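Some notes on the structure that comes next.
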Amino acid sequence: MSKPINKILFYGFVIAFVLSSLFPFYWIFITSLKTSAEASQITSGFWPSKLSFSAYNTVFTQDNFLQPLLNSAFVSLATTVLSLITSVLAAYSLARLGIKGKGLILGFILVAGFFPIIAMVGPLFLVFRTLGLLDSFTSLIFTYLIYTLPISTWLLTNFFSQIPKDLEEAAMVDGASRLQALWKIVIPIAVPGIFTAAILSFILAWNDFTFALSFISSPSHFTAPLAIVNLGQSQFQVFYNRIDAAVVVTTLPIALLVLLAQKKIISGLTAGAVK
Amino acid sequence: MATVELEHISKIYPNGTAGVTDLSFSMQEGEFLVLVGPSGCGKTTALRMVAGLEEITSGSLRINNKEVNNVAPKDRDIAMVFQSYALYPHMKVRDNLAFPLKLQKMPKEEIEKKVARAASILGLEEILDRKPSQLSGGQRQRVAMGRAIVREPAVFLMDEPLSNLDAKLRVQMRSEISKIQRQLGVATLYVTHDQVEAMTMGDRVAVLKNSFLQQIDSPQRLYDHPNNLFVAAFIGSPSMNLFEGEIEFNSTGANLNFGNQTIYLDNKVTSLHPSLRSFNQRRIVFGIRPEDLYDASLANQNPNFQSIKAKVSLIEALGSEKLIHFTINANAGITDDIKQIAEEKGAMDSLLGSQGNSQAEGVARFPPRSAVKRDELIEILVDTTNMHFFDIDTGFSIWE
Ligand SMILES: Nc1ncnc2c1ncn2[C@@H]1O[C@H](COP(=O)(O)OP(=O)(O)OP(=O)(O)O)[C@@H](O)[C@H]1O
Ligand SMILES: [Mg+2]
C-alpha cells in the first residue's frame, strides 16, 4: 500500500467493483424514467432522451400497484412484530435463565434459520392446503416466522448476554419485577439489537417471492414481488419501464428504512453502565 | 431492635461450592457492619442473600423482624450499591435516581423533591442531566450511592463500592460514605476485601474465611483480641509478626524459646493468658504487632520490655515512621491461612523465602529518628504485655 502504483490499483479495483455492482440499479432507475417506446428499444441509451414519469403513473393507476404494496407492508409488519415479541422473550430466557442445553438449543435454532427455502415450499403447501390457509396472508406470515424467529432469537440472545446482569439485579433491588426489569432496562439497552432483528425480519418478509408465488393465487392478495412479475406484460409487449418503476417503489421504502435505522444501530450503547 | 438478622444462614451453590456456611449475626439499627475477608470467602454471597439475589440454602433471614427468605428483592426494603455501580446507561442521572421512586408510583413532585435532596447530599446537582457514559468514575460512584439513598430503605447493602476508584478518591469517599451513613442513620452492610477500609468504616467488622465467620467485633477489639491466627494476620497493616516458639514455665514466669533466643515472660504477663500454662513445654505460635517492637537505642527501659536480636533487611522510611524489615533466627508461624493472607497482601515471596531455613521475617514500626541501618544486627525491645499466643494446631488464640 505504500507505493503509489499499489494505491492506484487498489482504488481502481474498488471503483470498478462498486460501479459494476451499482450499474443494474442505475439501469433499473433510468429505465423507469423512460417512455414505453424508448424502454423497449434495444439500443436504449444510458440516459432517457426525455424524462417521463408516465411509468409511475401507469403503475399506480392502471396496474393498481398500491394494493400489493399495502399487502406486502401488512405481511412484513405483522411478521416483524410477532417475530420480535416472541424472539425477545425466547432470547431473554436463553440468555438469563440458565436453561440446560442452551448451547444445543442455540445451535439448532441457527441451523433451522438456514434451512433451504425450496425444501420448505412443498411440505408447507400441503400443510396450508390441509388447514385451508392457502391464498391467505396467514400462510405467508407463518412461513416467514420460520425464518425470522431463529435469526432474531439467535441475534438477541447474543445481545442480551452482553448486557451486564448487574443492571437487572439493580433494577430488581430498586423495586422492579423481572418483567419490569426486562421492559424498562434490558429492552431499552438492547434497542440496537432489536432494530437489527426487526430490519432483518422485515426485509426477509418484504423480499420473499418463492413462498408468495407458491401459496398466493388471487391477485388481490399479491405481495409486491409477486405483483411485479405479473405486471406490465401484454400479449405483444413487455413494458420494462413499468416493471422497473414498480421495482423502484418497492425497493425505496426498504432503502429508506435501513438508512434511518442505521442511526439507531449504534454499538456501545451500554457505555457508562458499569465501572 | 435489630434490622437485619441472619440465623445459621448457609449457601451451597448448585455445583456444590459452599458460598457461606452457618453465618449468624444481627445488625442493630443504624449500625455500619463490614464484611471483610480474602477473595472467595463468601462476602458477596452473604450480601446477595440479604438482597434476595441469591437463594438461601438454609437458615433464616429477617429484616425488620419479618422473615424474608422467600420475599422478592423488590419487597425487602433494601437498597444496594453494586461494585460495578450498575447505572442504567440509557437514563440520565436524574432518571437513574428517580427510577426506584417511579417504581413505587410516588407522585411526581415528591420524586423531584427527593431526587433534589439526594443530589445535594452527594453533590450531583451539576450532572443531573448527563448520561452515565459522560461521568467520571468518581461521579458514577456517587450516582450509585444517590440511587440507594433516595429510597430511604431499611438497609443499605454495598459490595466493594470503592474498589474501582483510585487510591486518593477511595480514601475521600470512605469518609464521605461514613458521614452520609451516620447522617441518614440507615443500617449498612458493607463488603470489602480491604481490611483498612473495614477498620476505618465499620462500627463492627465480621471477618470471613472460606465461607466461615471467624470473628465479629468492633475494629479495636479485633485488633487487640483476635480470635485466631487468621484474624490476627488479616487485620492490621503491616501484619502481625508471627513466629513459632516453645514455652517453658518456671517459678517466676515463663521462657519463650525460639531459634537461639529467649523471651522472658514474667507472671504479670502470663497471668494475662491463664490457659497458656496448659501449653507448658509445647510449641506455640506467638505474635507481636509491629508497633509493639521498639528500637532499643531509643526506648526507655521498662520491665515488660524484653530484648531480642535481629538483622535489618530493609528499611522503608515513610516520613512519620520507619518500617524496619528484619530477619530473625526462628521458624515463621506459617499455616495455610497465613499463606493465603500473605498472597493477598502481596507478601508471599518474603514469606516463602523464610520457610524451612529457620530464618523468619518480621516488621517493626520505629520512629523516624531511629538510626538503624540495613544489614545491621540490632537489638529490638518487645512489649511482652501486648503479645499474642496461638495454639499451633487449631490456630485459636490463647487467652482465658
Ligand atoms: N454462581 C456461583 N456458582 C458457584 N460457585 C460460586 C458462585 N458464586 C460464587 N461462588 C463461589 O462461592 C465462594 C464465595 O464467593 P463470593 O463471590 O461470595 O466471594 P467474595 O468473598 O465476594 O470474593 P471476592 O472478594 O473475590 O469478591 C467462592 O468459592 C466462589 O467461587
Ligand atoms: Mg465479591
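Near the amide H of B:Asn228, within less than 5 Å, lie the amide hydrogens of B:Ser397, all on another chain or at least 5 residues away, with H placed in the peptide plane. Computed from the alpha carbon positions, the gyration tensor of the range B:4-229 leads to an equivalent ellipsoid with semi-axes of 29, 20, 16 Å, biggest first.
Kirkwood Rh over Cα pairs of the range A:1-154 into Stokes-Einstein at 20 °C, 1.002 mPa s: D in µm²/s?
It diffuses with D of about 104 µm²/s by this estimate.
Any idea what the relative contact order of the range B:71-184 is, in percent, if you count C-alpha pairs under 8 Å spaced at least 6 apart? Walk me through the intermediate numbers first.
Details: 123 pairs, mean separation 48.1, N = 114.
The normalised contact order for the range B:71-184 reaches 42 percent.
Distance between the modelled labels on A:Ala261 and A:Phe13, one decimal in nanometres: 3.2 nm (7 Å Cα→Cβ projection). Remark: C-alpha extents of the range B:216-315 on the principal axes read 36, 35, 24 Å, sorted largest to smallest. Relative to the longest principal axis of the C-alpha atoms of chain B, give the angle of the C-alpha long axis of helix B:137-149, reported between 0 and 90° and rounded to the nearest 10°. Approximately 70 degrees, to the nearest ten.
Helix B:167-184 and the long axis of chain B differ in direction by around 60°, with both axes built from C-alpha atoms.
Per residue, the convex hull spanned by the Cα atoms of chain B amounts to 167 cubic angstrom. The range B:204-230 and the range B:277-320 have their alpha-carbon centroids 23 Å apart.
In the range B:1-77, one over the average inverse separation of all distinct C-alpha pairs is 12.7 Å, which is the Kirkwood hydrodynamic radius.
Restricting to Cα pairs below 8 Å that are 6+ residues apart, what does the relative contact order work out to for chain B? Please round to a whole percent. Write down the numbers at each step before the final one.
Working: 827 pairs, mean separation 62.6, N = 400.
Computed over chain B, the figure is 16 percent.
Could you check how many percent of all C-alpha pairs in the range A:28-70 are farther apart than 13 Å? Each step should come with its number before you reach the end.
Details: 481 of 903 pairs.
Within the range A:28-70, distances greater than 13 Å cover 53 percent of Cα pairs.
Across the range B:172-230, C-alpha contacts under 8 Å between residues 6 or more apart give a mean separation that, scaled by the residue count, equals a relative contact order of 21 percent. Evaluating kT/(6 pi eta Rh) at 4 °C and 1.567 mPa s, with the Kirkwood radius of chain A over Cα pairs in the Stokes-Einstein relation, gives 59 µm² s⁻¹. Semi-axes of the equivalent ellipsoid for the range A:106-220, computed as √(5λ) from the eigenvalues of its C-alpha gyration tensor and ordered from largest down, come to 36, 14, 12 Å. Whole-percent P(r), the range B:28-146, all Cα pairs, 5 Å bins from 0: 2, 10, 17, 18, 18, 16, 12, 6, 1, 0.
Each part gets one Cα centre, and for the range A:1-29 versus the range B:355-389 those centres are 78 Å apart.
Would you mind telling me which residue in B:Leu33, B:Leu103, B:Leu124 has the biggest mean-square fluctuation in a Gaussian network model of chain B, where springs connect alpha carbons within a distance under 10 angstrom? Residue with maximal mean-square fluctuation among B:Leu33, B:Leu103, B:Leu124: B:Leu103. Among the chymotrypsin sites (Phe, Trp or Tyr not before Pro) found in the range A:1-108, those both in a DSSP coil and sparsely packed, with 15 or fewer other Cβ atoms within 10 Å of their Cβ, are A:Phe46, A:Phe53. Coupling constants for the range B:250-258 follow from the phi torsions by the Karplus curve (6.51 cos²θ - 1.76 cosθ + 1.60, θ = phi - 60°), and in residue order they are 9, 5, 9, x, 8, 9, 9, 9, 8 Hz; glycine and proline get x.
Calculated on the Cα set of the protein assembly as shown, radius of gyration then Dmax: 37.4, 130 Å. Extents of the range A:181-226, taken as max minus min of Cα coordinates on every principal axis and listed largest first, are 46, 14, 13 Å.
Averaged across the residues of A:162-172, what count of C-beta atoms belonging to other chains lies within 10 Å of each residue's C-beta?
Across A:162-172, the average partner-chain Cβ count within 10 Å equals 6.
Please check: in the Gaussian network model of chain B (C-alpha springs, under 10 Å), which one of B:Pro238, B:Pro73, B:Pro303 has the largest mean-square fluctuation. So, out of B:Pro238, B:Pro73, B:Pro303, the one fluctuating most is B:Pro303.
For the range B:139-263, what is the Kirkwood hydrodynamic radius in Å, using each pair of distinct C-alpha atoms? All intermediate terms of the calculation are to be shown ahead of the outcome.
Details: mean 1/r = 0.0580 Å⁻¹.
For the range B:139-263, the Kirkwood estimate is 17.2 Å.
The range A:126-147 and the range B:92-107 have Cα centres spaced 46 Å apart. Quick one: among A:Asn241, A:Asn230, A:Asn207, which has the greatest mean-square fluctuation in a GNM of chain A with alpha-carbon springs under 10 angstrom? Maximum among the listed residues: A:Asn230.
Since every read-out is calculated from the coordinates, none of them should be taken as a lab result. Quick caveat: nothing in here was measured; it's all calculated off a predicted structure. Because the Cβ atoms are built from the backbone with ideal geometry, glycine has one as well, and the counts that use them run over all protein chains shown.
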